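The values are calculated or read from the model by the stated rules, or taken from the named source; none is laboratory data. These numbers were taken from a predicted model, which means no experiment stands behind them. Cβ coordinates were reconstructed from backbone atoms using ideal geometry, including for glycine residues, and neighbour counts include every protein chain displayed. Heads up: the accessible areas ignore ligands, DNA and RNA and are worked out on the full protein's heavy atoms, side chains in. Shrake-Rupley method; radii C 1.70, N 1.55, O 1.52, S 1.80 Å.
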Amino acid sequence: MEELLAAHFWLAVGQIILIDILLGGDNAVVIALACRQLPTHLRKQGVLWGTLAAIVLRVILIAFALSLLKVPFLKLAGGALLLWIGVKLLLPENDEAHEGIHASDRLWAAVKTIVVADLVMSIDNVIAIAGAATNAQAHHQLPLVIFGLLVSVPIIVWGSQLVLKLMDRFPFIITAGGMLLGWIAGTMAYSDPGLSGWIEPSITLQYVAGAAGAALVLVLGHILQKPRAT
């Protein structure tokens, strides 16, 4: 119970919610595209069942990822992938990502489209959320993930337009999100079990690793944006 009142627990909750909002905008678009040809009276059901199925799928994938991250050196690989996801978040979006999403006029066909598309697009969310959850005690990690997803998914589905407008108006939100992913990548790599015999555990080193990851995302994102702006 004391763990639930600890500051780092709620910090991890906040990170999971922010990550899912930043990286989950595509999910809201997929749900809208998949349900757009449903009859009006079935659209809410399509959104509801598609969202619930996506949440269950995400929890299963993240539970699997949390187990895999205990294997030596996989956190290093996950941290590297998360760094690139953070950098990619700072780059201009590619509108062609949703060209393969087909609408259906049947409820369960639309739900199936949502689930399949979410499965394909979930790797960034899964790695990022699993990395954020590792900051909590092991027996609280999965409940933490479930709670974070339950809070953030409704925000994405029903408040996606507001979230997108806020991001357009305040670009620093995107930058901060990318740096947050870099921070998580650094702390994830630092805590890799394979490095336990090489690095003496230190909260200072953990913060240094996180700060280095955040700075690396910012620098790489700035460098890669330059050719696109010319």
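Observations
- Rg(Cα) / (2.2 N^0.38 Å) computed for segment 165-230, rounded to two decimals: 1.38
- Val219/Val151 FRET efficiency (R0 41 Å; Cβ-Cβ; nearest 0.05): 0.80
- Here Lys70 and Tyr207 are evaluated by their C-beta separation; at R0 = 25 Å the FRET efficiency comes out at 0.65.
- Checking the Cα-Cα distances for Lys88/Lys165; Lys70/Lys165; Lys44/Lys165 against a 30 Å cut-off, the pairs over it are Lys70/Lys165.
- Note on Ile60: accessible area is roughly 110 Å² with a 1.4 Å probe, heavy atoms of protein only.
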